[in-house]
1. What's the total number of residues in region A:355-370 that are assigned to a helix (DSSP H, G or I), surrounded by 15 or more Cβ atoms within 10 Å (Cβ to Cβ) and in contact (Cβ under 8 Å) with a residue 24 or more places away in the chain?
2. Determine, yes or no, whether B:Gly121 is open to solvent by less than 10 Å² (accessible area, probe 1.4 Å) and under 12 Å from the mean Cα position of the chain (by Cα).
3. Do the conditions hold for A:Val11, that is, is it assigned to a helix (DSSP H, G or I), buried (at least 21 other Cβ atoms within 10 Å of the Cβ) and in contact (Cβ under 8 Å) with a residue 60 or more places away in the chain?
4. Could you check, for region B:252-263, whether at least one of its residues is acidic (Asp, Glu), modelled with pLDDT of 95 or more and surrounded by fewer than 24 Cβ atoms within 10 Å (Cβ to Cβ)?
5. Consider A:Leu5 carefully, then state whether it is within 16 Å of the ligand (Cβ to nearest atom) and part of a loop (DSSP other than H, G, I, E, B).
6. Quick one: in region A:48-72, of everything that is surrounded by fewer than 23 Cβ atoms within 10 Å (Cβ to Cβ) and either more than 24 Å from B:Phe329 (Cβ to Cβ) or outside the structural domain of A:Glu136 (by TED's automatic domain parsing) (or both), which residue is nearest to the ligand (Cβ to nearest atom)?
7. When you look at B:Val475, is it open to solvent by 40 Å² or more (accessible area, probe 1.4 Å) and hydrophobic (A, V, I, L, M, F, W, C), yes or no?
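The values are calculated or read from the model by the stated rules, or taken from the named source; none is laboratory data. Model, not experiment: these values are computed from the prediction. Every residue, glycine among them, receives a Cβ derived from its backbone with ideal geometry; neighbour counts consider all protein chains shown. Ligands, DNA and RNA are stripped out before the accessible areas are found, and what is left, the full protein with its side chains, is counted by its heavy atoms. Shrake-Rupley method; radii C 1.70, N 1.55, O 1.52, S 1.80 Å.
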Amino acid sequence: MTTTLPSYDDVVARYEPVIGLETHVELGTRTKMFCGCPTDFGGEPNTRVCPVCLGLPGSLPVANKAAVEATIRIGLALNCSIAQWCRFARKNYFYPDMPKNFQISQYDEPLCVDGYLDVEVNGETVRIGIERVHLEEDTGKTLHVGGATGRIHGATESLVDYNRAGIPLVEIVTKPIPGAGALAPEVARAYVTELRDVIRSLGVSDVRMEEGSLRCDVNTSLNLPGEEWGTRTETKNVNSLRSVERAVRSEMLRQASVLDAGGRITQETRHFHEDTGDTTPGRSKETATDYRYFPEPDLVPLAPDPAWVAELKAALPELPRLRRRRLQQEWGLSDLDMQSVVNAGAVELIEATVAAGASPAAARKWWLGELSRRANETGVELADIGATPAQVAELQRLVDAGKLTDKLARTVLEGVVAGEGSPTEVMTNRNLEVVSDTGALTAAVDEAIAANPDIAEKVRSGKVAAAGALVGAVMKSTRGQADAKSVRELILERLGVQG
Amino acid sequence: MSDLTTKTAAEIAALVAGGEASAVEVTQAHLDRIAAVDDRVHAFLHVDAEGALAAARAVDERRAAGEALGPLAGVPVAVKDVLTTKGVPTTVGSKILEGWRPPYDATIVERLRAAGTVMLGKTNMDEFAMGSSTEYSAYGPTRNPWDLDRIPGGSGGGSAAALAAYEAPLAIGSDTGGSIRQPGAVTGTVGAKPTYGGTSRYGLVAFSSSLDTPGPCARTVLDAALLHEAIGGHDPRDSTSIPQPVPDVVAAAKLGATGDLTGVRLGIVTEFAGEGAEPGVLAVFREAVDALTKLGAEIVEVSCPHFTYALPAYYLIAPSECSSNLARFDGVRFGLRVGDDGNRSLEEVMSLTREAGFGPEVKRRIMIGTYALSSGYYDAYYGQAQKVRTLISRDFTAAFAQVDALISPTTPFVAFPIGARTSDPYQMYLADLFTIPTNLYGGPGISVPCGLSDGLPVGLQVMAPTMADDRMYRVAAALESAVGTFTPPAL
Ligand SMILES: [Zn+2]
């Protein structure tokens with residue numbers, strides 16, 4: 001599309017966006033949703049399969065209780081009502097990565113309904129309504145070989161891997177979110193971030209967008225103020241938090257330009273492109289499939305015992321938002337400082353570092369400073385940077401004990417991140433410890449004085465500032481491992497001058 | 001025909017246990033019989049002589065080693081080709097699965113092996129169990145041993161014919177709308193549909209999941225009970241399986257065989273009377289009712305007003321479920337694949353495979369079911385049919401508050417000539433008129449031979465409350481003790 005897009009400020013001044021998010025979360029249960037196959041990531045294609053997840057004739061599903069439990073816990077954490085009786089349903093459509101050519105899902109009887117999730121955007125709380133949380137099975141993965149696009153059309157061969165088929169998938173659907181205005185992209189991102197943190201805190205999924213264990217579809221529409229909501233598009237292939245924000249923004253701009261030109265928005269699925277940041281049309285809903293949903297006759301209805309649900313509710317962990325508030329207080333941070341901790345994804349890391357013995361200030365300094373900088377540079381998540389909270393705490397202990405200067409500590413950290421071992425190991429192996437042995441330091445000072453008699457004389461005669469050159473010489477001979485202040489004091493002392 | 005092939009399963013098991021006949025001898029006798037008559041009967045789609053003899057040898061070795069043998073050890077059994085058998089072809093009577101050898105055994109097949117029975121092979125059936133005559137098998141019809149020009153019933157005509165032709169003393173069937181009971185009736189054999197959930201569906205290639213019920217077929221009520229006991233009971237791999245022990249059907253069959261039904265109340269459904277069963281069938285049924293009265297049973301008439309809607313409800317629910325269950329047959333992972341020439345798209349290959357692989361009756365039901373589930377039609381068809389199903393279940397519950405069991409003719413007509421009803425699906429569907437309500441309700445039903453009409457067998461159906469399968473065995477065994485068993489003319 002070559003049309004020039006209007007400016008974002010202009011768009012939000014004239015149109016009101018309504019967004020909605022559908023999120024799929026792969027549960028980290030040990031086994032698949034309806035069979036006993038393992039769920040771990042990877043593995044040779046079609047090695048984690050059995051008659052059930054291959055949909056072989058005669059096979060039958062049996063619901064995974066752990067997956068039902070995880071879904072209920074997600075529902076409870078999202079303030080949903082838990083159905084006392086609900087059913088799985090078959091969603092019928094033909095696609096080669098669906099072994100049975102229907103997906104066992106839930107339709108009009110989801111496990112959890114009508115909840116909400118509070119998120120913070122620019123210091124304000126926005127309440128996102130949750131329409132439903134339901135449980136279904138994942139599909140396999142199709143690889144289209146040959147052809148230019150890697151899509152099914154034009155491919156000469158299609159290869160299917162069913163390892164992922166049948167992995168429990170939880171779908172979380174928001175109610176439409178109107179009224180976010182210019183902040184719509186940020187609200188979308190904040191929601192997905194918060195949802196990810198909530199689910200992670202429950203320990204039911206590793207919620208990694210890059211690995212596809214958290215997938216997000218974004219619905220966007222625009223309308224003129226006071227008018228009915230516009231036609232929405234559904235953007236898929238949104239694979240990072242940043243992309244969630246970009247996808248909403250880009251779709252708002254695109255729709256505005258279509259509407260400005262007097263056009264109409266087509267209800268369709270669009271694909272987000274990470275590289276260009278824009279969306280292109282996918283399958284049009286004009287050829288919408290009739291999924292012919294009906295209750296899954298191979299499974300008995302789910303009827304979670306209310307006492308069990310109450311137990312699960314009572315056992316929910318402290319949810320991220322409340323935990324953040326508590327930590328902010330404990331750490332004595334301003335709203336703004338806490339926000340930067342959250343944005344850096346450092347809450348858990350700092351908490352663990354503090355637990356390992358560091359002060360909150362020191363823990364925050366390392367994670368938000370040196371380590372965040374490295375994470376940004378190398379494009380990895382902070383949690384995956386290669387240093388653990390325990391190591392950061394150890395590093396700080398070495399600084400506090402005077403064994404490392406700040407500068408040396410940064411060098412040690414570099415070694416830790418490079419996998420050279422614990423901070424103490426790196427310090428020892430690289431011989432980076434501060435020279436605090438006075439005998440060795442005195443020898444170095446005396447050596448410097450002997451080698452620079454002119455400067456020594458100047459200092460003795462009262463030009464104390466000239467001592468800097470001697471300090472430099474000592475620092476050089478100790479390869480920076482001495483504390484400059486101590487060196488200076490020692491030089492003055494040896495020359496009989498008051499500092 | 002060897003003596004061994006005319007024995008009941010109970011008799012064979014006793015011979016094997018007592019060392020009077022080896023399991024290998026018994027098996028060989030049946031394999032010989034199959035070799036002698038099956039080219040005319042065509043009860044089997046696949047005979048696994050090697051596997052059968054190996055299983056028989058294992059039984060003989062266990063006996064020689066002094067191991068305790070179960071009540072059916074060494075007894076041959078024929079299995080309807082609807083159940084998966086590891087490494088043994090399983091076609092469901094369809095071209096779309098020709099040559100498929102499943103990598104796993106159905107639960108029932110596992111239990112048959114564990115019981116020491118000897119699987120002779122797989123029996124013919126209407127394609128995907130859709131039919132009442134076995135004429136819709138993609139591999140040609142099975143013939144009724146009573147008259148080779150007539151149908152053996154369906155869909156499990158192969159299993160029933162194998163029993164009537166003395167090719168096997170026991171067989172497994174599956175009953176979605178009458179596919180065990182109706183073939184039993186028209187071949188003069190016994191066929192029982194257990195309570196839904198009383199026998200595992202794991203490994204049963206699905207036609208209609210909420211109705212399909214595997215069950216026993218035999219020549220005597222006691223044999224059917226013994227087989228029922230061996231295959232029944234909870235299976236954690238089938239979510240719809242009932243977590244309760246099998247009702248004591250064997251004891252009930254033995255009790256019934258004493259010929260005393262004093263204090264038993266049996267109901268005749270008023271609404272079935274006007275449903276146009278053949279006069280000959282009705283006459284034999286009335287004689288059977290008299291016989292039951294003489295055994296001490298009290299006969300009363302009960303009304304089940306919604307049974308009239310059973311057939312239309314069934315022909316919405318079963319095709320709806322089948323349209324979804326049969327979607328997996330697409331040529332991608334197993335079975336037939338047509339048109340994969342490197343030029344056609346995946347969708348085209350799927351379509352061509354299904355076009356070539358499914359027969360006309362299967363396609364008809366897939367289309368009816370697809371339509372009935374379509375958005376905009378769901379409530380009027382599938383939804384409405386489910387409501388009727390609930391009403392029919394209530395009729396049964398109300399009836400069983402008055403009587404211990406219900407009785408009826410199993411099927412409105414005796415075995416009809418091959419080809420007589422294939423041109424009119426509705427005429428074919430009528431064969432299951434009296435058996436379908438039980439499937440919609442989920443309770444058990446049994447067909448037991450009760451006489452002959454113009455030289456052809458007539459069956460009497462006993463229907464009992466869910467998980468009261470023992471009750472129907474008692475009544476059936478009592479009737480059997482009064483009217484005897486029926487032997488077809490020599491082949
Ligand atoms: Zn599996």
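1. 8
2. no
3. Taking the combined requirement at face value, the residue satisfies it.
4. Checking region B:252-263: at least one residue is acidic (Asp, Glu), modelled with pLDDT of 95 or more and surrounded by fewer than 24 Cβ atoms within 10 Å (Cβ to Cβ).
5. In short, no.
6. A:Ala63
7. Answer is no for this residue.
Conditions tested, residue by residue: (1) outside any loop (DSSP other than H, G, I, E, B); (2) open to solvent by 20 Å² or more (accessible area, probe 1.4 Å).
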site	(1), (2)
A:Gly415	yes, no
A:Glu420	no, yes
A:Thr424	yes, yes
A:Leu432	no, yes
A:Gly439	yes, yes
A:Ala444	yes, no
A:Ile449	yes, yes
